[in-house]
1. Test residue 260 against the criterion of being modelled with pLDDT of 95 or more, in the same structural domain as residue 161 (by TED's automatic domain parsing), closer than 30 Å to residue 168 by Cβ and buried (at least 23 other Cβ atoms within 10 Å of the Cβ), and give yes or no.
2. Tally the residues that are in a loop (DSSP other than H, G, I, E, B) and either away from the ligand (no atom under 13 Å from the Cβ) or loosely packed, with under 14 Cβ neighbours inside 10 Å (or both), restricting the search to region 148-187.
3. Since residue 286 meets every condition but one in (1) away from the ligand (no atom under 16 Å from the Cβ); (2) in a helix (DSSP H, G or I); (3) over 18 Å from residue 105 (Cα atoms), which condition does it not meet?
4. For region 93-116, give me each residue that is touching a helix residue (DSSP H, G or I) at 6+ places or on another chain (Cβ under 8 Å) and more than 16 Å from the ligand (Cβ to nearest atom).
5. Just checking, does region 186-193 include any residue being farther than 28 Å from residue 295 by Cα, touching a strand residue (DSSP E or B) at 6+ places or on another chain (Cβ under 8 Å), free of Cβ contacts under 8 Å to residues at least 40 places away in the same chain and not assigned by TED's automatic domain parsing to the domain that holds residue 366?
6. Can you tell me which of (1) more than 16 Å from the ligand (Cβ to nearest atom); (2) at pLDDT 95 or above; (3) touching a helix residue (DSSP H, G or I) at 6+ places or on another chain (Cβ under 6 Å) is the one residue 72 doesn't meet?
7. Can you tell me which condition residue 311 does not meet? The list is (1) buried (at least 20 other Cβ atoms within 10 Å of the Cβ); (2) out of contact with any strand residue (DSSP E or B) (no Cβ under 6 Å at 6 or more places or on another chain), and all the others hold.
8. When the residues of region 197-221 are narrowed to those that are crowded, with 17+ Cβ neighbours inside 10 Å and part of a helix (DSSP H, G or I), which ends up farthest from the chain's Cα centre (by Cα)?
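The values are calculated or read from the model by the stated rules, or taken from the named source; none is laboratory data. Fair warning: this is a prediction, and the values are worked out from it, not measured in the lab. All Cβ positions, glycine included, derive from the backbone under ideal geometry; neighbour counts span all protein chains shown.
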Ligand SMILES: Cc1ncc(COP(=O)(O)O)c(C=O)c1O
């Protein structure tokens, strides 16, 4: 390179929509240090990764199909396994409705390319999984937040917003929802609201993007029908992942959608297939009922950690902190009393040796300072209990300051 200084700035080449980007979540993940217990991120518990079975599956795939390391198609065995799981849930999934991707994040990131022109309205839940929401925002979507409560998205508020937008001549592109064991609230959408949500999608011609990342991590109670199972017209796009039930590092997720949507999403996916080796590995691992047995074991494990967290919260937090009691998933959500703000609490918590996700990181519109998300997925039970004790102490520190 010559030593002449260029008169140009690199950053002048960046698009307007990338100038306001925030750093990616997982570049900055802190799991724990000797001095800090992180309850911040929903990482999988590494003690649950099925190392031996994955090693055996890796050896088999490489022995039987070395071409899996080439540019090669997605494993049709995996496609068949995902279809069988979806069909068992009453979803009319077929080969032409299923797209496998590098994690559900990839598929959520493809959606705006198909559906969103800059300025188009996308409806999101407040709070929500900002990893997905951020991808919609980056595409230039105008985000409108719909409130949620203990039963999930407020469908009455959603309907009111749809009516208002219709009056203005605006047709939102989609509603992004996490109906089961929500990230971050842990809430599960009631059956009544599920039916209403699907009906609203059809009535207003708005797609419903159902992100069911946590649906299999059910610790108690009977499963509810997925939105996709309630939809007969193709207004629901259902997104799923192996990240929570096997390993996020494998990066395998999928979408079930109307064939017209699925086909176009596949065309947007520049690399065509999704890793032949990876998808064969996952298919080989999952065969013979192994995945279902693994999920059962995960549910016993994560349920215990949830219980440890909830018991510690009951013991250690001030009584006026309201806590959700999720029946599955990775997260507990706490609503703080008016004199404790999440952002004020964070430095006190870190000084005590614990960290959490402030609710403001879960809203796209600045709300959420009255909430915190606590992940029970990653830390061992003893550290969860210690972390909650420290957080309770930090709340008292803040009150007494
Ligand atoms: C609701 C939700 N959807 C999607 C994802 C991302 O999953 P994947 O690893 O499949 O990209 C997460 C991960 O935290 C999540 O919480």
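1. Details: modelled with pLDDT of 95 or more: yes; in the same structural domain as residue 161 (by TED's automatic domain parsing): yes; closer than 30 Å to residue 168 by Cβ: yes; buried (at least 23 other Cβ atoms within 10 Å of the Cβ): no.
No; evaluated as a whole, the condition is false for this residue.
2. Of region 148-187, the ones in a loop (DSSP other than H, G, I, E, B) are 150-151, 154, 168-173, 178-187.
Next, only the ones that are either away from the ligand (no atom under 13 Å from the Cβ) or loosely packed, with under 14 Cβ neighbours inside 10 Å (or both) stay: 150-151, 154, 168-173.
Selection size over region 148-187: 9.
3. Of the numbered conditions (1) away from the ligand (no atom under 16 Å from the Cβ); (2) in a helix (DSSP H, G or I); (3) over 18 Å from residue 105 (Cα atoms), the odd one out for residue 286 is (1).
4. Passing the criteria: 93, 94, 95, 96, 97, 113, 114, 116.
5. For region 186-193, residues farther than 28 Å from residue 295 by Cα, touching a strand residue (DSSP E or B) at 6+ places or on another chain (Cβ under 8 Å), free of Cβ contacts under 8 Å to residues at least 40 places away in the same chain and not assigned by TED's automatic domain parsing to the domain that holds residue 366: absent.
6. Of (1) more than 16 Å from the ligand (Cβ to nearest atom); (2) at pLDDT 95 or above; (3) touching a helix residue (DSSP H, G or I) at 6+ places or on another chain (Cβ under 6 Å), only one is false for residue 72: (2).
7. (1)
8. Taking region 197-221 and keeping what is crowded, with 17+ Cβ neighbours inside 10 Å, we get 197-198, 200-201, 204, 206-219.
Then keep just the ones that are part of a helix (DSSP H, G or I); that gives 197-198, 200-201, 204.
Working: 197: 19, 198: 20, 200: 23, 201: 21, 204: 25 Å.
Per the stated criteria, the residue is 204.
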